[in-house]
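Heads up: the structure comes next, in structure tokens.
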Amino acid sequence: MTIEKLLIDLLPQVSKPTRYMGNEYNSINKDKKNVKVHVALAFPDVYEVGMSHLGIKILYHLLNESKDLYAERVFAPWVDFEDIMRKENLPLFSLESKTPIYKFDFLGFTLQYEMSYTNILNMLELAGIPVISKDRNDNHPFVIAGGPCAYNPEPLADIMDFFVIGEAEDVVLEIMDLYKSFKERGEKRQRFLEEVAQIPGVYVPSLYQVSYNDDGTLMNISPREKGISQRIQKRIIKDMDEVYYPTSFVVPYMDIVHDRAVLEIFRGCTRGCRFCQAGMIYRPVREKSVKRLKELAKDIIASTGYGEISLASLSTSDYSELKQLTEILTDEFRQCQVGLSLPSLRIDAFSLELAKKVQEIKKSGLTFAPEAGTQRLRDVINKGVTMEDLLSSVKDAFISGWNTVKLYFMIGLPTETYEDLKGISDLAYAVVDVYRKVHGHTRGLKVNVSTSTFVPKPFTPFQWEPQITLVEIKERQKYLKSLLRKGKNISYSWHDGKLSLLEAIFSRGDRRLGKVLKIAHDKGCKFDSWSDVFSFDKWVVAFEEAGLNPDFYAYRKRSKDEVFPWDILDAGIDKKFLLRELERSKKALITPDCRIRCHSCGIKALKDGGFYETQNEI
Amino acid sequence: MKLRMKFEKGRPVMFISHLDMMRTFGRALRRADLPVAFTQGFNPRPKITFTPALSVGIVSSSEYMDVELYEEVSVKEVTVRLNRVLPDGLRIIKAGIVDGNTPLSMLNGAMYMVELDLDTLNLQELKNSIKMLSCREEIIVEKTTKSGTKLVNIAPLIYKIDFLDNDSSVRLVMSLSIGQQGSVSPRLVILELEKILAKKIKVLSIQREELFFKSDDNKIILPLNLAEYTSPPDPKSPL
Ligand code: SF4
């Protein structure tokens, strides 16, 4: 029986059958006979999460543009369907042609968050592909990965055959070309790995050896053989107007997390918040032009029929012609009732004006992310928001009719004291006071404070810093709870500290963690970011059995000359710049936006000319 | 102008929910670039109405929707343009102008074709069980609603069950109540038959074949009697 037929019997037994059905409008079906390379694009989470992610969609349509390439999608089956698959011996299959994944040429994973790693192992197992790279043979697909977490590839070094570092649009096509010729030549798997390692931006971990110091830190990662590059430089797209961007996006049936058309307006961010990995690894800033965006937007709506289009970037307000762009788009779409949504907007007078105009004011929810409670700590992390800015924006918002405010903070930032935590609470109460001043009462007001725990990330100025301990996380959350409990209009939610701890371990971990992952997976860990499935106890045991100490990874302050697992990569950011930023943070000195002054972060060496023409370096 | 369209929901989309389907049509109408009228106010919605929800997992050759347009477009053009941009498994079969037709919300009956697996059944026993079920005045079942479970008598909701057989298959044609006065799904009827037979019945497929309005004097009115345009069968989406 074909998988297709089997599904008709099996799917009525699962909670959301549309996750596994495929056949969405604009999904692509090709005759496999005419295809030279068959690629499965995988997102290690459920359909509705994976389908909300832009990167995988760009690659899907880009690859399918070529006649002889066929890219299909696959997501992690939810636990109910997994049980059935195991019982019925149904191998993991692709959404489009329902082909077993083990039959593909490539299986490519998007790495968006560390806590999806166990799902990768689980998907490999469900696909019948050996979980460990060296156990695979010529009959297995190449298992590859890319995305932000690939900026520290080492925890997955045992699992992935290779990684793509940086923006994949150009490099995937180079890989496909190489593979076509490799297939024609009929050579061995190992040979392909050696050849693909020659493509800039590709990292083949099995071609490198790792040595450690007595204290457990890295001594070095180096190529096993001559001719393999010492350092892998990230790939970037030079011209955002020229680069491929899809317009016929797949339109899901079910309600997914971000159910709207997505228009990427620029890449990169100039603000330089010191905790933020995205702000560093996606440099330099490159915008699409208003003209190109207008064309794309029209085509996307025409071919998807979405009723909402969302502008995507790290910081929407920083698009240089935002006003013009939003005016053009609202004019364009007024007639056909397409709304515009502007996420990641810095809330200020201008953006409120904008928000009022473009979004039939959804009066629920305005989000502010001051990240830290006091000015001192905001200076430490280089988040350029002041209390005055915030309160005056909040005031404007209240006057305009908003009554729900979300405030995002991080706890455990370097140098944080209880004074700073108190600052979080003070800010929340100050917001309540502003509402009272505007309306004379606090009826209807909701202030939702939420905190996550700071996770030090590679390629940020805080990559040398420890995370606070689990005990300390609980203490600080408890303290905040006690402060915020008294506010009638205030609610407080927090991110599970155990997850933040695991994130901290894997985001800066080394190759040895592969063993932990394997054991955790064998014990049944999966969907760790889903609180109803997550089991911290299993992880604790996994570390014990692997003989690795979690504290070593999460709580250790690194010395300035320590070799990091991700040093093998060149993200275009100079370590000297990161150290400078670390020093400045200790003195609570802010570093202005790159548009005001260039701080010589090193990215100019990657893309000549720099992105802003200022020469006054510090 | 208001249009009524009859459409099929085939295998490729058999697992999408009613809500999914409504969203899908909303987007297809925009792709077709049709002048769909929207509701006023904060959250404008396209003016589309559908027939009562079909249970997930059941295919249908007879669903209906009404769409209001703010400009005149010929029925044929609407149908052709919409069919061009519908996903596999959804297809407009025919369409006409709504003009004093029964409102879709008033439909109270549905006819289902239920195909059963021959191997596991004794035909005579099955026939008897249908007769027994049809004679009963009271068939009490538990129904879970938002407010909890309650007991419902489904006997008056089962209009008629016919039996069709040939060498290769056994099919039941069920006319069942839908809509506000109460509805019963063909699966529930099968469950009751299983109780009488004291064994499992294997269902091969269920298809909704027609929706209708049954008046108090047992007259049957179809939602779309006189279609202005009937679309040619699309080989791309077999049911
Ligand atoms: S504004 Fe700050 S936090 Fe946001 S993307 Fe830029 S650097 Fe990161």
Requested in this report: For every other residue with a beta carbon closer than 12 angstrom to the beta carbon of A:Tyr113, add +1 if it is Lys or Arg and -1 if Asp or Glu, then tell me the sum.
Outcome: -3
Query raised in the report: Can you pick out the pairs among B:Lys195/B:Lys219; A:Lys406/A:Lys526; A:Lys481/A:Lys557; A:Lys57/A:Lys288; A:Lys437/A:Lys481; A:Lys422/A:Lys474 whose Cα atoms lie more than 22 Å from each other?
Result: B:Lys195/B:Lys219; A:Lys406/A:Lys526; A:Lys481/A:Lys557; A:Lys437/A:Lys481
Query raised in the report: Counting Lys and Arg as +1 and Asp and Glu as -1, each charge on the Cβ, what is the dipole of the protein assembly as shown about the Cα centre in debye, to the nearest 20?
Result: 1300 debye
Query raised in the report: What distance in nm separates the simple spin-label points at A:Gln190 and B:Lys131, each placed 7 Å from Cα in the Cβ direction?
Result: 7.8 nm
Query raised in the report: Among A:Lys478/A:Lys523; A:Lys87/B:Lys199; A:Lys5/A:Lys538; A:Lys16/A:Lys87, which pairs are too far apart, with a Cα-Cα distance over 26 Å?
Result: A:Lys478/A:Lys523; A:Lys5/A:Lys538
Query raised in the report: Cα gyration tensor of segment A:115-205, axes a ≥ b ≥ c as square roots of the eigenvalues: rounded (a/c below 1.5), prolate (a/b > b/c) or oblate?
Result: oblate
Query - Accessible-area composition of the protein assembly as shown, carbon plus sulfur, in percent [1.4 Å probe] - result: 51 percent
Query raised in the report: In Å², nearest 100, what accessible area do chains B and A bury in total when the solvent probe is 1.4 Å?
Result: 2100 Å²
Query raised in the report: If each of A:Ser600 and A:Asp537 carries a label point 7 Å out from its Cα toward its Cβ, how far apart are those two points in nm?
Result: 5.6 nm
Query raised in the report: With a ≥ b ≥ c the root eigenvalues of the C-alpha gyration tensor of segment B:157-239, is it rounded (a/c under 1.5), prolate (a/b larger than b/c) or oblate?
Result: oblate
Query raised in the report: Taking every residue in B:18-31, how many Cβ atoms of other protein chains lie within 10 Å of its Cβ, on average?
Result: 4
Report summary line: Result for chain A: accessible area per residue, probe 1.4 angstrom, in square angstrom, of 40 Å²
Requested in this report: Can you tell me the equivalent ellipsoid semi-axes for segment B:108-219? Use √(5λ) from the Cα gyration tensor, largest first, whole Å.
Outcome: 23, 17, 13
Query raised in the report: How many Cβ atoms of partner chains, on average, are near each residue of A:18-31 if near means within 10 Å of its Cβ?
Result: 3
Report task. May I ask which of A:Lys134/A:Lys226; A:Lys32/A:Lys298; B:Lys9/B:Lys160; A:Lys383/A:Lys587 have a Cα-Cα span longer than 26 Å here? Result -> A:Lys32/A:Lys298
Query raised in the report: Just in segment B:23-70: which trypsin sites (Lys or Arg not before Pro) are loop by DSSP and have at most 15 other Cβ atoms within 10 Å?
Result: B:Lys47
Requested in this report: Using θ = phi - 60° and the Karplus relation 6.51 cos²θ - 1.76 cosθ + 1.60, list the HN-Hα couplings for segment B:114-122 in order, rounded to whole Hz, with x at every Gly or Pro.
Outcome: 10, 9, 10, 7, 4, 4, 8, 10, 9
Query raised in the report: Roughly how many Å is it from the Cα centre of segment A:109-172 to that of segment A:1-56, as a whole number?
Result: 19 Å
Report task. Within segment A:272-338, report the GluC sites (Glu not before Pro) that DSSP leaves as loop and that have at most 15 other Cβ atoms within 10 Å. Result -> A:Glu321
Requested in this report: Any chance you could run the full-extension gain for B:Tyr70 through B:Lys199? It's 0.36 nm times the residue separation minus the Cα-Cα distance, nm to one decimal.
Outcome: 40.9 nm
Requested in this report: Pull out the extension gain between A:Arg231 and A:Ser493, defined as 0.36 nm times the separation in residues minus the alpha carbon to alpha carbon distance; nm, one decimal.
Outcome: 90.1 nm
**Report entry** Neighbouring partner chain Cβ atoms per residue of A:331-341, average, 10 Å criterion
**Finding:** 2
Query raised in the report: Which value, in Å² rounded to 10, gives the accessible area of A:Thr415 with a 1.4 Å probe and all protein chains present?
Result: 70 Å²
Report summary line: For B:Lys76, counting only lysines whose alpha-carbon sits under 18 Å away and dropping same-chain residues fewer than eight positions off, the answer is B:Lys2, B:Lys6, B:Lys94
Query raised in the report: Counting other Cβ atoms within 10 Å, which trypsin sites (Lys or Arg not before Pro) in segment B:129-173 have at most 11 and lie in a DSSP loop?
Result: B:Lys146
Query raised in the report: Between segment A:378-408 and segment A:306-343, what is the C-alpha centre distance in whole Å?
Result: 22 Å
Query - Measure of compaction for segment A:3-233 (Cα Rg per 2.2 N^0.38 Å) - result: 1.03
Query raised in the report: Quick one: helix A:575-586 against the long Cα principal axis of chain A, what's the angle to the nearest 10°, folded into 0 to 90?
Result: 30 degrees
Query raised in the report: Residues of segment B:49-78 with amide nitrogen under 18 Å from the 7 Å Cα-to-Cβ point of B:Asp99?
Result: B:66-78
Query raised in the report: Cα to Cα, under 19 Å, and not fewer than 8 places away if on the same chain: which aspartates and glutamates meet these conditions relative to A:Lys395?
Result: A:Asp348, A:Glu353, A:Asp426, A:Asp433
Query - Cys with no candidate disulfide partner in chain A (beta-carbon separation under 4.7 Å rule) - result: A:Cys149, A:Cys269, A:Cys336, A:Cys525, A:Cys594, A:Cys598, A:Cys601
Query raised in the report: At 222 nm, what helix-only mean residue ellipticity would the protein assembly as shown give, in deg cm²/dmol to the nearest 500, using -39500 (n - 2.57) for each DSSP H run of four or more?
Result: -9500 deg cm²/dmol
Report summary line: Scoring only Lys, Arg, Asp and Glu (+1, +1, -1, -1) among other residues with Cβ under 11 Å from the Cβ of A:Gly50 yields +1
Query - In degrees, nearest ten, helix A:349-358 long axis to first principal axis of chain A (Cα) - result: 60 degrees
Query - segment B:183-220-segment A:287-301 distance, computed between alpha-carbon centres (Å) - result: 51 Å
**Report entry** Distance between modelled label sites at B:Val80 and A:Asp567, nm, 7 Å Cα→Cβ extension
**Finding:** 7.0 nm
Query - Under 12 Å from B:Lys150, Cα to Cα: aspartates and glutamates that are on another chain or at least 8 residues apart - result: B:Glu142
Query raised in the report: Excluding ligands and nucleic acids, what accessible area in Å² is computed for A:His599 using a 1.4 Å probe, to the nearest 10?
Result: 10 Å²
Query raised in the report: What is the antiparallel percent of DSSP beta bridges lying wholly in the protein assembly as shown, to the nearest 5?
Result: 60 percent
Query raised in the report: For the protein assembly as shown, what is Rg from Cα atoms divided by 2.2 N^0.38 Å, rounded to two decimals?
Result: 1.05
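The values are calculated or read from the model by the stated rules, or taken from the named source; none is laboratory data. As the structure is a computational prediction, the values presented were derived from the model and not from experiment. Backbone-built Cβ (ideal geometry, glycine too); neighbour counts: all protein chains shown. Accessible surface areas use protein heavy atoms only, side chains included; no ligands, DNA or RNA. Shrake-Rupley method; radii C 1.70, N 1.55, O 1.52, S 1.80 Å.
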